[in-house]
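Below you'll find the structure, written out as structure tokens, and then a few comments.
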Amino acid sequence: MRMHLHRPHWHWLIGMLLCLYAGAGFCATIIDHWPVIAEAFYKDRPVPAADGRIVISAPAQAEDSALVPISIQFAEAHGIAKWSLFVDANPIMLTLTTHMPDTTRAFTLSTRIRLDANSQVRVIAEKPDGTLSMTSVAIKTPGGGCGGAVSQDEAALRASAGNIKLRQVEEGKATVLQIQHPMRTGFERTVYGYYAKAWYLQKIEWLEAANKVMALQLGPGISANPYFKIDYPFELATLAIQASDNENQQFSYPKQAVSTR
């Protein structure tokens with residue numbers, strides 16, 4: 001007897017094949033820990049949906065869970081003084097907090113993050129008067145972006161940590177910052193089987209003519225060797241960078257730059 005597969009059966013079969021091909025993470029539930037985040041960081045404060053002036057751009061399906069590209073765009077006259085990026089599925093959900101250089105100009109920050117599992121990724125924005133708003137996207141991933149193995153030469157890794165490259169692109173309209181650093185989460189295993197100690201950049205300050213204009217506070221959910229592309233008219237000739245990690249190591253660009261802290 002011949003068996004006929006109707007269209008719904010074919011859709012089911014294709015879905016199962018995608019699960020097998022892409023791994024279990026493709027079909028797993030999107031993790032949403034908003035009640036936990038709200039209680040821990042914004043207790044008793046209303047956080048309505050953003051009005052469309054904040055846009056998150058990210059792949060619906062990440063190819064590499066340790067290197068997930070993401071961009072956060074703010075429209076002109078956005079009025080945002082500070083915003084935080086959360087990844088619900090990560091062991092440490094708070095991934096990045098940015099103190100903005102200006103509340104009136106359009107602004108876009110692009111970077112790469114880790115995802116430990118399929119997750120809601122959300123931005124909570126705050127205006128100078130304390131008013132909050134939120135926008136979010138769901139991203140699927142093969143999973144495991146916060147773990148893995150530590151296999152690099154430790155001496156060489158520490159010798160290169162903190163090397164900073166700074167350049168402008170798109171005819172000076174955007175600035176790219178790259179810093180060598182392993183950004184260890186504390187969930188990677190050594191060849192001996194134990195967990196390596198967390199080691200990651202915690203703060204990056206941007207200074208123009210020795211005046212602090214922007215600050216980034218990082219968590220270990222930012223990918224190794226952090227990359228930031230900032231679409232904002234910084235003056236590269238007077239721009240300096242000060243960075244520090246959770247081991248209290250200080251890094252700067254240029255080397256003689258002095259922070260105003």
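Every number in this text was worked out from the coordinates using simple rules, so none of it is lab data. Just so it is clear, the structure is predicted and the values come from calculations on it, not from any experiment. Neighbour counts are summed over all protein chains in view; Cβ atoms, including those assigned to glycine, are modelled from backbone coordinates with ideal geometry.
Observations on the structure shown:
- Among 35, 69, 142, the largest mean-square fluctuation in a Gaussian network model of the chain (Cα springs under 10 Å) belongs to 35.
- Taking the number of Cβ atoms within 10 Å of each Cβ as an exposure proxy, the fewest-first ranking of 228, 41 is 41, 228.
- The chymotrypsin sites (Phe, Trp or Tyr not before Pro) of the range 74-175 include none that meets both conditions, a loop assignment by DSSP and at most 14 other Cβ atoms within 10 Å of the site Cβ.
- Amide H within-cut-off set for residue 50, under 5 Å, with H built and near neighbours excluded: 134, 135
- Under the combined filter of DSSP loop state and at most 16 neighbouring Cβ atoms within 10 Å, the range 205-259 retains these trypsin sites (Lys or Arg not before Pro): 255.
- Net charge of the neighbourhood of residue 101, taken over other residues with C-beta under 12 Å away and scored Lys/Arg +1, Asp/Glu -1, is -2.
- Enclosing the Cα atoms of the range 29-253 in their convex hull gives a volume equal to 132 cubic angstrom per residue.
- Between residue 103 and residue 209, the FRET efficiency from the beta-carbon distance, with R0 = 22 Å, is close to 0.60.
- Once C-alpha pairs closer than 8 Å and six or more residues apart are averaged by separation and normalised to the residue number of the chain, the relative contact order reads 18 percent.
- The simple Förster model, with R0 at 35 Å and r as the Cβ-Cβ distance, assigns residue 247 and residue 176 a FRET efficiency of 0.85.
- Candidate lysines for bridging to residue 43, where Cα separation is under 20 Å - those fewer than 8 sequence places away on the same chain excluded: 82, 127
- Value of [θ]222 nm, deg cm²/dmol, for the chain, DSSP H segments ≥ 4, -39500 (n - 2.57) each, nearest 500: -3500 deg cm²/dmol
- Label-point separation in nm, residue 41 to residue 71, each point 7 Å along Cα→Cβ: 2.3 nm
- Given charges at beta-carbon only (K, R positive; D, E negative), |dipole| of the range 29-253 in Debye: 160 debye
- Taking 0.36 nm per residue of separation and subtracting the current Cα-Cα distance, fully stretching the chain between residue 197 and residue 165 would add 8.9 nm.
- Net charge of neighbours whose Cβ lies under 12 Å from the Cβ of residue 35, counting Lys and Arg as +1 and Asp and Glu as -1: -2
- Reachable aspartates and glutamates from residue 140, criterion Cα separation under 15 angstrom, eight or more residues apart if same chain: 32, 63, 64, 88, 116
- Under 15 Å, Cβ to Cβ, from residue 58 - net charge with Lys/Arg +1 and Asp/Glu -1: +2
- Between residue 55 and residue 129, the contour length at 0.36 nm per residue exceeds the alpha carbon distance by 24.5 nm.
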